[in-house]
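The values are calculated or read from the model by the stated rules, or taken from the named source; none is laboratory data. The shown structure was predicted, so the numbers you read here are calculated from the model rather than taken from an experiment. Every residue, glycine among them, receives a Cβ derived from its backbone with ideal geometry; neighbour counts consider all protein chains shown.
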Amino acid sequence: MITYKELAEGVQEASGIRTSALLHNWVGGVLGRVVREAHHRGDPPMTALVVHTDDGMVGDGYKEVLAVAGEPPVEDFLEREHHAARSRLACYQRFGATLPATGGVPALAPKLEATIARQRSREPVRPPRVCPSCFIQLPSTGACDSCGAPGQTLDAHALTSGSIVAPVTPDLRRPT
């Protein structure tokens, strides 16, 4: 992979043409030409190799890869990144990169993968579902194995507000 900034520097160095224009004002045009030329040649979209420095994601211009290929647009950013990961692997395979014996697997950019992992670690743990009658944690079926009642998710409010009432059990010490 290469960042937009590294690519811009490489393009200016290789062409001998320098610009003071902001990167986002011209690099998209260059990448658009790369997308169309790669498609014309039957090559995978090499623009999938270009990512942002800060988050490791392809840019919004990646939608042109899909359009040129005749694919529908992808609105979900993570779905777009997975498409780009598959395209990167296709580039590595096509252009002779050193890959594992298995041929490799599509991978998100390391910075993006780290960001996703951090976000997942911050997600709140959901409270277990419990039987409203027996007050035991429910199995994955969602129905109580003891009484068959459907479960509910308990939260701190339900536990402290008195909206959950313990079941009445017979006093086994008293004769009936």
Inset, instruction - Please identify the pairs in which a residue from segment 17-30 that is within 19 Å of V65 (Cβ to Cβ) has its Cβ atom under 6 Å from the Cβ atom of a residue that is surrounded by fewer than 14 Cβ atoms within 10 Å (Cβ to Cβ) and of a type in the set (S, T, Y), counting only partners at least 6 apart or on another chain. - result: none
Inset, instruction - Kindly indicate whether T102 is at pLDDT 60 or above, more than 27 Å from the chain's Cα centre (by Cα) and exposed (fewer than 10 other Cβ atoms within 10 Å of the Cβ). - result: no
